[in-house]
Amino acid sequence: MPLKLYLAGPEVFLRNAREILDAKAALTRSYDFEPICPGDIFIEPAPTRHEFGLKISAVDESMMNSADGVIANLTPFRGMAADTGTAFELGYICAQGKLVAAYTNITDNHFARVASYYDGQIAPDETGRKRGPDGTALEDFEMIDNLMLHGGVARRAGHIAIHRAAFDALYTDLTGFEDCLKYLATRI
């Protein structure tokens, strides 16, 4: 029986979500894994949007519980960092001690993206810690995203694929995703 991989990422929000999720699922199957796609769910109607959101959350957690591992798309989404839902999913599966891999379709590390957010106006404080103009400290650990995401994967002997995709293919380029599949195939 093939291992089940939860495919975490912001693709569910794309206009062509079904097309991208289907491509990821087909690629996953080609490496003899069974894909679990958050976009492949049916949620019973609920009386309020809030209750409907809770139902989606419960189904997603159930899907993650049934998975043997995750491939998380950490390409920055709606800002300078990974999608917050994807970050939760990656952490949830890391906490369960399952197989983990992640990828990003940008090559600028977390510090470079935050420095860009501050237009490069970074200065060391009296202790030498780098701070933005608002006084907040910046992580500078040469990691692709927040140290808990990158570190969570690395400390579990997972793999992080870093690939520069064209801007118009940030969420559709599957080069890094396939690199994760290749890596996980060597782990089983």
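Data overview
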{"read-out": "Members of region 1-55 that are free of Cβ contacts under 8 Å to residues at least 12 places away in the same chain, within 20 Å of Phe177 (Cα to Cα) and part of a loop (DSSP other than H, G, I, E, B)", "value": "Arg15"}
{"read-out": "Long-range neighbours under 6 Å by Cβ, at least six apart or interchain, first residue farther than 21 Å from Asp145 by Cβ within region 115-134, second charged (D, E, K, R) and at pLDDT 95 or above", "value": "Pro124/Lys130; Asp125/Arg131"}
{"read-out": "Residues within region 64-82 that are over 9 Å from the mean Cα position of the chain (by Cα) and either over 16 Å from Asp40 (Cα atoms) or surrounded by fewer than 18 Cβ atoms within 10 Å (Cβ to Cβ) (or both), tallied", "value": "9"}
{"read-out": "Search result, residues across region 147-169 that are assigned to a loop (DSSP other than H, G, I, E, B) and either surrounded by 17 or more Cβ atoms within 10 Å (Cβ to Cβ) or small (Gly, Ala, Ser) (or both)", "value": "Ala157, Gly158, His163, Ala165, Ala166"}
{"read-out": "Scope region 77-116; condition closer than 20 Å to Gly39 by Cβ, outside any helix (DSSP H, G or I) and out of contact with any Asp or Glu (no Cβ under 8 Å at 6 or more places or on another chain); matching residues", "value": "Arg78, Asp83, Ala101, Ala102"}
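The values are calculated or read from the model by the stated rules, or taken from the named source; none is laboratory data. Quick caveat, the model's predicted, so the values are computed rather than measured. Quick reminder, even Gly has a Cβ in these numbers, built from the backbone with ideal geometry, and neighbours come from all protein chains shown.
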